[in-house]
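The next block holds one structure in the form of structure tokens; read it before the comments.
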Amino acid sequence: MHPAQAPRRRWQLSLAISGAVAVLLTALRGVTPASGAVTDAPYSPHRVADSTAVTFTRDVAPILQKNCQLCHSPGGIGPMPLITYTHTRRYGPLIKQLVEAREMPPYQYDAHIGIQQLQHDWRLSEDDISTIVQWVEDGMPQGDPADMPPAPPLPEAGEYRLAADYGPPDLIVKAAKYTVPAIGQDRWWRPSVPSGITTDRCIKAIETKPSVAGRAVTHHANSIFVPAASEREPDATGGGGPGSVRLSEYALGKIGEVIPADACRIAPAGSNVLFDIHYFPNGKEIVDDQLEVGIWFHGPEVTPETRHRQTLGLYALQSGSGDFEIEPRGTLVTQGFHRFNTPVRIDSWQPHGHLRLVAKRLEVLYPDGRRETLSMVSNWNPGWHHSHVYEEAVAPLLPAGSVIINTAWYDNTEKNTYNPDPDQWVGIGDRTTDEMSHAWIAVTQLDDAAYQKLLTQRAKK
């Protein structure tokens, strides 16, 4: 790498690792008030536009409250709060730039390919984007302060986000503490902790929560229920071996998982929780970092016998030997297949990759030969790992014999914004600068009767 490129490459690597903060810092670095991205121009605190103009209090604030303030609030992961008119107006042109480019809110999912009815969809509507653009172009009028909607309740830094819907977790499992150095290579921490579960339970929701200080350096955190007597270390993909049950998977940008009401992700009695935590130092030592998982259970009337079994699986994309290499300044496409021997419902799809990944696609090949694209991400951002959860009415129902096709595209050239060094050979591996090629897919296992029942219910609707 040419010496002049080094600061840029190091900063791009930091960008890809640091998640939400990095996305906005990308835009903030290199722009000045003179460029129009950030403004400190004088304003009137009671500036009111005519009744037909787009205003902050009436039109823009509700959009920010619904889509932005969860991160852009004091203690949130966003680099600046977007709560008041004063806060927001300063960054108005930058906000316009990012929402027009669909970089904010950060949710990588193609708008015109595949299933569009998603739960917890962060994307702004075309009307929302037009409203923000028009507001900035009109000079960012404040509007009538009486039009300002009441402030929504926002979680404090370090609180569970899902607690707003489900209350405090029924069970919190904490990993053993680990000190992340300020400088160094990737680190993996794999402690095993007793779960304390005494009878098989069905999980309603799960949230993996890094510490406030640790969320910028926690690349991913897998968690698995394993038999208490097991001493097996997780394999390269975080598997716990025979008798293990996947609890959850966390990566940058992911909040949690909610299990469909008719499904049961099992929390087995007498188990340990085996963590597989991948840390990446970012320049500041974090002493005794402690990651934890909050679990909400269904009531005792819901048992594994009363619900369909749901599993969260790692579905590989690479075929053949399970290995690949991307040559310097080269590109690559990988593809993998999985056949289901029973009917299933696909509940969610979470593509995974690192710095050279640029796009992923999920398709299904039906037994009758039809081929359908379910989901597509053409603008992959390694700072955000979303689990795309399908709405209940459209979650794909696949008959026995269906094959899912997972395709990934990689770019190891200088055209890839997140590429730290296009002159390197890149192979599959666990390090951040290596590459990965899989998708996390939540699948509910069905029998023929349940499959036909769901088809009939949808036909009636």
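Just so you know, all these numbers are worked out from the coordinates, no wet-lab data involved. Keep in mind it's a predicted model, so treat the numbers as computed, not measured. Please note: Cβ atoms are built from the backbone with ideal geometry, for glycine as well, and neighbour counts cover all protein chains shown.
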Query raised in the report: Applying 1/(1 + (r/R0)^6) with R0 = 41 Å to the Cβ-Cβ distance of Ala261 and Ala101, what FRET efficiency is obtained, to the nearest 0.05?
Result: 0.65
Query raised in the report: So what are the ³J(HN,Hα) numbers for segment 388-400, from phi and the Karplus equation (6.51, -1.76, 1.60; θ = phi - 60°), rounded to whole Hz, Gly and Pro as x?
Result: 7, 9, 6, 4, 3, 6, 10, 3, x, 9, 10, x, 4
Report summary line: In segment 344-425, the trypsin sites (Lys or Arg not before Pro) that sit in a DSSP loop and have at most 14 other Cβ atoms within 10 Å of their own Cβ are Arg370, Lys415
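Would you mind checking Lys284/Lys360; Lys177/Lys209; Lys174/Lys254; Lys66/Lys96; Lys66/Lys254; Lys96/Lys415 for any pair whose Cα atoms are more than 22 angstrom apart?
Values: Lys284/Lys360 33 Å; Lys177/Lys209 14 Å; Lys174/Lys254 18 Å; Lys66/Lys96 17 Å; Lys66/Lys254 17 Å; Lys96/Lys415 24 Å.
Too far apart for the 22 Å limit: Lys284/Lys360; Lys96/Lys415.
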Query raised in the report: Taking neighbour Cβ counts within 10 Å as the exposure measure, how do His87, His112, His278, His354 sort from fewest upward?
Result: His112, His87, His278, His354
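Test of understanding: ordering Asp262, Asp323 by Cβ neighbours within 10 Å, fewest first, what list do you get?
Details: Asp262 15, Asp323 10.
Listing Asp262, Asp323 from fewest to most nearby Cβ atoms yields Asp323, Asp262.
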Query raised in the report: Which of the lysines could be linked to Lys461 by a straight reach, that is with a Cα gap under 19 Å, when you skip same-chain ones fewer than 8 residues away?
Result: Lys453
Requested in this report: Pop out the ³J(HN,Hα) list for segment 373-383 in order, Karplus 6.51 cos²θ - 1.76 cosθ + 1.60 with θ = phi - 60°, rounded to Hz; leave Gly and Pro as x.
Outcome: 7, 8, 8, 8, 10, 9, 10, 4, 10, x, x
Report task. Return Trp409, Trp296, Trp380 ranked ascending by Cβ neighbour count within 10 Å, so the fewest neighbours appear first. Result -> Trp409, Trp296, Trp380
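Which of the GluC sites (Glu not before Pro) across segment 263-325 are loop residues per DSSP, with 11 or fewer other Cβ within 10 Å?
Glu301, Glu305
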